[in-house]
1. Quick one: in the stretch 143-154, of everything that is of a type in the set (A, V, I, L, M) and closer than 15 Å to LEU104 by Cα, which residue is surrounded by the fewest Cβ atoms within 10 Å (Cβ to Cβ)?
2. Determine which single condition GLU148 fails, assuming it passes every other condition in (1) over 17 Å from LEU96 (Cα atoms); (2) touching a Phe, Trp or Tyr at 6+ places or on another chain (Cβ under 9 Å).
3. Any residue in the stretch 157-173 that is farther than 20 Å from GLY138 by Cα sitting within a Cβ distance under 8 Å of a residue that is open to solvent by 90 Å² or more (accessible area, probe 1.4 Å)? List the pairs, counting only those 6 or more apart or interchain.
4. If you scan the stretch 97-142, which residues turn out to be β-branched (Val, Ile, Thr) and surrounded by 17 or more Cβ atoms within 10 Å (Cβ to Cβ)?
5. Test each condition in (1) over 22 Å from the mean Cα position of the chain (by Cα); (2) more than 14 Å from MET80 (Cα to Cα) for GLN125 and report the one that comes out false.
6. Name every residue in the stretch 160-173 that is open to solvent by less than 60 Å² (accessible area, probe 1.4 Å) and either assigned to a loop (DSSP other than H, G, I, E, B) or among the aromatic types (Phe, Trp, Tyr) (or both), in order of residue number.
7. I'm told LYS65 meets every condition in (1) open to solvent by less than 100 Å² (accessible area, probe 1.4 Å); (2) modelled with pLDDT under 90 except one. Can you identify the failing condition by its number?
Amino acid sequence: MAKKPKKAPAAEGEEGAAEAPKSKKKLIIIAAAAVLLLGGGGGGFFFMKGRGAHADAHGEHAAEKADPKAQAVFLDMRDMMVNLSPDPGATKANVLKLRVALELKDAKVEATVKPLMPRVEDAFQTYLREIRASDLAGSTGLYRLREELLRRVNIALHPTKAEAVLFKDVIVQ
């Protein structure tokens, strides 16, 4: 019986020795993961901080170059009323009434755009007669219309550029 108690403490010693390396491995893995996380987080912080300082330096430089009196100018276009292409199976034709303003960079651009307004209106009329009332359904339809009108304005005004097309009224009947 004396042999059994000797084996039991020896077995406990072996289990304790086996558990110690496993816990050391876990501790080393956890410590390595913590170091990697802290190092990655710190590196990301300095990277983003450096980019922010870089962007601020460029923003200040651009602000110095920009004319302080130059502000966006909004040029109202004439109201347009256009017959739309009929939807398939529709019995009556739809009409679009549209009021638009062009956003321009500054007053200098406005002076170059005003003489070209007939060209812009022609581009709008030509495009608007091809669309259907179903093309204007929902906010995505209006977004697509805005993008297409801006593209056509910039083609008509080249090399001058409009910043945006802004809707004042959009009525489809």
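1. If we filter the stretch 143-154 for residues that are of a type in the set (A, V, I, L, M), which is where we start, we get 145, 149-150, 153.
Pick out the ones that are also closer than 15 Å to LEU104 by Cα and you get 149-150, 153.
Numbers: LEU149: 22, LEU150: 18, VAL153: 24.
So, considering only residues that are of a type in the set (A, V, I, L, M) and closer than 15 Å to LEU104 by Cα, the one surrounded by the fewest Cβ atoms within 10 Å (Cβ to Cβ) is LEU150.
2. (1)
3. Partner pairs satisfying both residue conditions: LEU157/ARG119; LYS161/LYS105; GLU163/LYS105.
4. Of the stretch 97-142, the ones β-branched (Val, Ile, Thr) are 100, 109, 112-113, 120, 126, 131, 140.
Selection gives VAL100, VAL109, VAL113, VAL120, ILE131.
5. (2)
6. THR160, ALA162, PHE167 - these are the residues of the stretch 160-173 that are open to solvent by less than 60 Å² (accessible area, probe 1.4 Å) and either assigned to a loop (DSSP other than H, G, I, E, B) or among the aromatic types (Phe, Trp, Tyr) (or both).
7. Going through (1) open to solvent by less than 100 Å² (accessible area, probe 1.4 Å); (2) modelled with pLDDT under 90 one by one, LYS65 breaks only (1).
Per-residue answers, yes or no, for (1) modelled with pLDDT of 95 or more; (2) in contact with a helix residue (DSSP H, G or I) (Cβ under 6 Å, 6 or more places away or on another chain):
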residue	(1), (2)
GLU110	no, no
LEU128	no, no
ARG132	no, no
ASP135	no, yes
GLY138	no, no
GLU147	yes, no
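The values are calculated or read from the model by the stated rules, or taken from the named source; none is laboratory data. These numbers were taken from a predicted model, which means no experiment stands behind them. All Cβ positions, even for glycine, are placed from backbone atoms using ideal geometry, and neighbour counts span all protein chains on display. Quick note on the areas: whole protein, heavy atoms, side chains included, nothing else; ligands and nucleic acids left out. Shrake-Rupley method; radii C 1.70, N 1.55, O 1.52, S 1.80 Å.
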